[in-house]
């Protein structure tokens, strides 16, 4: 593991620390803790999340669970589809309908 990523303004070690804190604190709280912009914290968190999660294997799905959460007044929803047996998130969308 390199100490620095190319064009990064923080060390990889600091970025990992920020990512770990984002698991238990809000992005705003982590940004205040380190005295950096919340957009930087969000970008670091997103980078590690995308690095850590690969494409979903749809071939072995047997039972699905679907839930929707209201995210805003005025009928705005977030739909979440889970593999019921493993609890892994299969799909997340901002609409109630699937768009191909």
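Put in order of Cβ neighbour count within 10 Å, fewest first, the listed residues 45, 67, 29 become 67, 29, 45. Each residue of segment 12-52 gets 57 Å³ once the volume of the Cα convex hull is shared out per residue. Full extension of the chain segment joining residue 43 with residue 16 gains 8.5 nm, where the gain is 0.36 nm per residue of separation less the Cα-Cα distance.
Fewest-first ordering of 54, 68 by other beta carbons within 10 Å of each residue's beta carbon gives 54, 68. Extension gain, residue 55 to residue 79, is 6.8 nm, computed as 0.36 nm per intervening residue step minus the present C-alpha separation.
Within the listed set 49, 16, 78, the residue fluctuating most in the Gaussian network model of the chain (springs between alpha-carbon atoms under 10 angstrom) is 78. P(r) for the chain, please, calculated from all Cα pair distances in 5 Å bins and given in %. All Cα pairs considered, the percentages come to 2, 11, 16, 15, 16, 15, 13, 9, 3, 0. Rank 47, 19, 77 by mean-square fluctuation in a GNM of the chain with C-alpha springs under 10 angstrom and give only the top-ranked residue. Taking springs between Cα atoms under 10 Å, the residue moving most is 77. Summed over qualifying helices (DSSP H, 4 residues or more, each -39500 (n - 2.57)) and divided by its residue number, the chain shows a 222 nm mean residue ellipticity of -10500 deg cm²/dmol.
All of the numbers you see were taken from the coordinates with simple rules; none came from a lab. Quick caveat, the model's predicted, so the values are computed rather than measured. Methodologically, a virtual Cβ is constructed for each residue, glycine included, from the backbone with ideal geometry; neighbour enumeration extends over all protein chains shown.
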